[in-house]
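Engineer: I am attaching a structure below and will ask some questions about it afterwards.
The values are calculated or read from the model by the stated rules, or taken from the named source; none is laboratory data. These numbers come from a predicted model, not from an experiment. Every residue, glycine as well, gets a Cβ built from its backbone with ideal geometry; the counts of neighbours run over all protein chains shown. With ligands, DNA and RNA removed, areas are computed over all heavy atoms of the protein, side chains included. Shrake-Rupley method; radii C 1.70, N 1.55, O 1.52, S 1.80 Å.
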Amino acid sequence: MVRVVKRSRPRIVIPICVGSNPIMHPNIIDIYTMTTHALLFGCNPDPMVRNGGVHRIATYLRQHEWDVEVCDFTGFWPLKELKEFVRSRVTVSTRFFGFGVFFSFGWAPHLNQFTAWLKKTWPDIPIVIGGQSVGQVLAQNIDYWVDSYGEIAMLELARSFVNNTSSSLMYDFSQLGRRRLIRSIHSYPAFPMDDYGVYWESRDFVQSWEWQNIELSRGCKFSCAYCNYPILNVKGDNSRSAVSFERQLKYNFDNFGVTRYWSADETNNDRVEKIRKFADVVDKLTFEPFFTGFIRLDLITAHPEMTEEMARMRFGGHFYGVESFNHASAKAVGKGLHPDRTKQTLLDIRAGFQNRNRFYRGSVALIVGLPFETADSMASTQQWLLDNWSDQSIQAYPFELEDAGNATNNTNLSKMSKDMQKYGLRRMSKDQELLGYEKFFYNWRQVGYTPEPNVVAWEHDTMNVFEAHDISLPLQNLSITTFKDGNFNLHRNDYSHQQKLPMEYTRNLATLDIIIDKNLTTAFVKQYINFKLNWGKTANSVVSSPSSRLARST
């Protein structure tokens, strides 16, 4: 048993957000006078990408008078150093340990040893894990599971640890056995909010060349048949305020030099006025940010002025869920725009960004095997892309259908999973399924992707799951050899050099042209670990963190 002792901590200088500008206030607030402390651990399969979810939770809890420190890249820490880090941080004020996962990815096997050690060493400090579809994570020694957007749920849970009232919270015991699972979107919804901002601290050691997550709004106004996102059919504009958006961008630039972002919104361009609002902010900045995220193509067809607004906002990385250029297939899943208009809109957007001298990378995403899709229609799609889109990006994946009867750990299920017959889908016979099973997993390993657990071996009148895999493979190979790197991979060039390079440098690079040296990655993580372990060892250590208490009043 390790005895918990009260340690002196470095003083914390907190900038106060006045209007949209974070400034250093002459008054100093020591966050370690707060009586509640927590440690959060970010898990991500990429060794140099931070988990945005844990930093959002940390920010929100700090806004409610908690002292929360985040440990990033947790899956790549040696166990010995993780233990050393925790020993240096735990005090009598520590109320819980938390882990955040990226969907169901990023949980390294040795983290179960880590949680076992935490539980043995501090048996009275609960362990929480959170994330989208968190029930799929093979984590052990966990006391509480928080699914999906978790700010409100985590605040209530954290307060319950102080007040010993956790038994009164709303749990879903229908899944994960008798584990204490909180389904946040149902019990403690965290949307809409005026501010989805993330404010790092100096003890996060963020580098200027890092790309970071940002949220503009939550939920999607659509409800496509294949989609299992948790917040669909959203009515009205629930995007964050322009003031909070400006404040986050300026804070990140002024304190860390960060300017490049992945937007986590399900549909970034759901409304013209939303994009225009943020473009007006970007126009006034003294630096140039860049954004990449999910874009709904048919909305630009209906509102072509959106291209101008996105160019003004410097939202130049687009992921288009085209899904299929076969009209019947697209209509079946809720995307009824005729393929000819879809193709023309793609060409118009590319030209629009080029005419405005703005960097642009468009990724066309395809779901291979939707109802009515055939091998011939996919061959036609491939040829059009080769002829017209080789300077941009494509991504193609076989249609994956979750088993509604055996997928209870998911945050949500798609319409197609819930009603296969309505969409002309059938389960293959057991004999057919077994014949294709070995090839199914072998082929997926070739493209470095594994299917979700509990998927159905499906078929319809024109294709089955194994044929869809076979058609996907050459498209996947083309995507990394012939087409350019995808919009969500634009960070790889910066990360491979560990410096912020001009976006133009990536214009003609394919995925295979960018190699991130493993030694470089290892050195980056080691440097971060050293920073964290040595932070606070000097009397003058200072960490900057925005004062949410005062930010709320301004």
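Engineer: Tell me, what % of the accessible area of region 478-538 is carbon and sulfur with a 1.4 angstrom probe? Display every interim value, and only then the final one.
Structural biologist: Numbers: 1690 of 3150 Å².
Percent of accessible area from carbon and sulfur atoms in region 478-538: 54.
Engineer: Then there's this: Whole number in Å², please: accessible area per residue of region 198-326, 1.4 Å probe, ligands, DNA and RNA not counted. Could you put the intermediate results ahead of the total?
Structural biologist: Details: 3720 Å² over 129 residues.
Per-residue value: 29 Å².
Engineer: About the Cα centre, and with charges only on the beta carbon of Lys, Arg (+1) and Asp, Glu (-1), how big is the dipole of region 123-249? Nearest 20 debye, please.
Structural biologist: Values: 11 positive and 14 negative charges, 88 e Å.
Computed about the Cα centre, the dipole is about 420 debye.
Engineer: Still on this model: As a test of reading the structure, rank Asp348, Asp461 by solvent-accessible area (1.4 Å probe, protein chains only), most first. It would help to have the intermediate numbers written out before the result.
Structural biologist: On the way: Asp348 85, Asp461 135 Å².
The most accessible residue leads, giving Asp461, Asp348.
Engineer: Now a separate question. Between their Cα atoms, which of Lys80/Lys526; Lys335/Lys418; Lys277/Lys484; Lys250/Lys532 are more than 22 Å away from each other?
Structural biologist: Working: Lys80/Lys526 13 Å; Lys335/Lys418 19 Å; Lys277/Lys484 31 Å; Lys250/Lys532 25 Å.
Lys277/Lys484; Lys250/Lys532, as the Cα separations exceed 22 Å there.
Engineer: Tell me the label-point distance for the pair Arg276, Lys120, using the 7 Å Cα-to-Cβ offset, in nm and rounded to one decimal.
Structural biologist: A separation of 6.2 nm, rounded to one decimal place.
Engineer: Same structure again: Simple spin-label model, 7 Å along Cα-to-Cβ: Val243 to Asp517 in nm?
Structural biologist: 4.8 nm
Engineer: In sequence order, what are the phi-derived ³J(HN,Hα) couplings for region 129-139 according to the Karplus relation 6.51 cos²θ - 1.76 cosθ + 1.60 with θ = phi - 60°, rounded to whole Hz, with x for glycine and proline?
Structural biologist: My calculation for region 129-139 gives 10, x, x, 5, 6, 4, x, 7, 6, 8, 8 Hz in order.
Engineer: May I ask you to derive the relative contact order of region 177-266, considering only C-alpha pairs under 8 Å and at least 6 residues apart, and to give it as an integer percent? Please report the intermediate quantities before stating the final value.
Structural biologist: Details: 111 pairs, mean separation 35.5, N = 90.
Once normalised by length, the contact order is 39 percent.
Engineer: Could you tell me whether region 245-339 comes out rounded, prolate or oblate from its Cα gyration tensor? Rule is a ≥ b ≥ c as square roots of the eigenvalues, rounded for a/c under 1.5, then prolate if a/b exceeds b/c, otherwise oblate. Don't skip to the end; give the middle numbers.
Structural biologist: Details: a/c = 3.33, a/b = 2.27, b/c = 1.47.
Since a/c reaches 1.5 and a/b is larger than b/c, the shape of region 245-339 is classed as prolate.
Engineer: Turning to a different aspect of this structure: Measure off, as a whole percent, the carbon and sulfur share of the 1.4 Å-probe accessible area of region 28-152, all protein chains present.
Structural biologist: 57 percent
Engineer: Gap in Å between the Cα centre of region 493-539 and the Cα centre of region 301-331?
Structural biologist: A separation of 31 Å, based on Cα centres.
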